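The values are calculated or read from the model by the stated rules, or taken from the named source; none is laboratory data. Quick caveat: nothing in here was measured; it's all calculated off a predicted structure. Quick reminder, even Gly has a Cβ in these numbers, built from the backbone with ideal geometry, and neighbours come from all protein chains shown.
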Amino acid sequence: MKSVSRSPFLITMLAFGFAFLYLPILLLILYSFNESRLVTVWGGFSVKWYAELFQDAQILGAAKISLTVAAITATLATALGTLAGLVLVRFGRFRGRTLFSGMITAPLVMPEVVTGLSILLLFVALEQLIGWPAGRGVTTITIAHVTFTMAYVAIIVQSRLTQLDGSMEEAAMDLGARPAKAFLLVTLPIIAPALVSGWLLAFTLSLDDLVIASFAAGPDSTTLPMVVFSSVRLGVSPKINALATLLVLGATIIIIGAAWFMHRQDRDRDRAVARAMAEQKDRE
């Protein structure tokens, strides 16, 4: 009988799916090297738009702000999300667990407009009460981004901890390790791929955010998505194609690096398990 996995229909649908997802990106990269100012008319090969991009002070300043905010947001969201995931998995049933779990997952389903508006009202109320934050800027954008990105990290870490065998930590503590040391030496290396995935997801969500940043940003803290959105309303500039190409290149490098890191972690863990089993077999 003919294999279903090799069905021409499935192969065709797979090809259409990949073309739908990646063909626009490939066209964007191609037209970033277009000589013509018109993004839909090919005028020859040129890299002049990359040169103009690196001379655009507004885009470079917005990129610096976005990358700074995204890096800080991802780090804080990973730390807080990891703690939230540990509480949900390790503490079992406790008073207020349902409320705590609902507050963690609420940003996942809440519209960004509602989140951004509520955060803006909170900042205005705090400024009137205690004088902080004084206006909107990088600090308020970072706080707003941490608020909704830590929910994604918490879900990822919670899922990984749920699948974790707790007997390894118990064995480490039976051998004399304190709970904190057992977590650092046993649990943390095992959940490291989840932490890397959460950090990358939080970084991407922060870098890509437009709606919430528009509510939390001030006149001197325009992020890159805000600059791109304001510029494309007047027509797509070839510089935007060049910028998008560089972002795609950066994302590709980060994804490859993260995949290599997680593959190396899995390989080292498998080798450690095999070595331990071999030593145990030798003792027997």
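Listed conditions (1) buried (at least 20 other Cβ atoms within 10 Å of the Cβ); (2) assigned to a helix (DSSP H, G or I) are all met by TRP260, apart from (1). Scanning segment 36-48 for residues that are within 17 Å of ALA244 (Cα to Cα) and not hydrophobic (A, V, I, L, M, F, W, C) turns up ARG37, THR40, SER46, LYS48. When LEU188, LEU207, LEU234 are checked against the criterion of being under 28 Å from ALA51 (Cβ atoms), loosely packed, with under 15 Cβ neighbours inside 10 Å and either touching a helix residue (DSSP H, G or I) at 6+ places or on another chain (Cβ under 9 Å) or not hydroxyl-bearing (Ser, Thr, Tyr) (or both), a single residue qualifies: LEU234. Within segment 51-71, being closer than 21 Å to ILE254 by Cα and surrounded by fewer than 18 Cβ atoms within 10 Å (Cβ to Cβ) holds for LEU60, LYS64, LEU67, THR68, ALA71. The helices (runs of 4 or more DSSP H) located wholly in segment 115-230 that include 3 or more residues which are more than 20 Å from the chain's Cα centre (by Cα) and not small (Gly, Ala, Ser) occupy 167-174. Condition check for ARG233 on (1) farther than 26 Å from ILE156 by Cβ; (2) modelled with pLDDT of 80 or more: one failure, at (2). If you take the residues of segment 56-90 that are more than 22 Å from SER221 (Cβ to Cβ) and not hydrophobic (A, V, I, L, M, F, W, C), which of them is nearest to the chain's Cα centre (by Cα)? Per the stated criteria, the residue is THR78. The number of residues in segment 80-114 being farther than 19 Å from GLN163 by Cα, among the polar types (S, T, N, Q) and touching a helix residue (DSSP H, G or I) at 6+ places or on another chain (Cβ under 9 Å) comes to 1. The residue pairs whose first member lies in segment 110-138 and is at positive phi and in contact (Cβ under 8 Å) with a residue 40 or more places away in the chain, whose second member is surrounded by fewer than 16 Cβ atoms within 10 Å (Cβ to Cβ) and in a helix (DSSP H, G or I), and whose beta carbons are closer than 8 Å, counting only pairs six or more residues apart or on different chains, are GLY135/GLU127.
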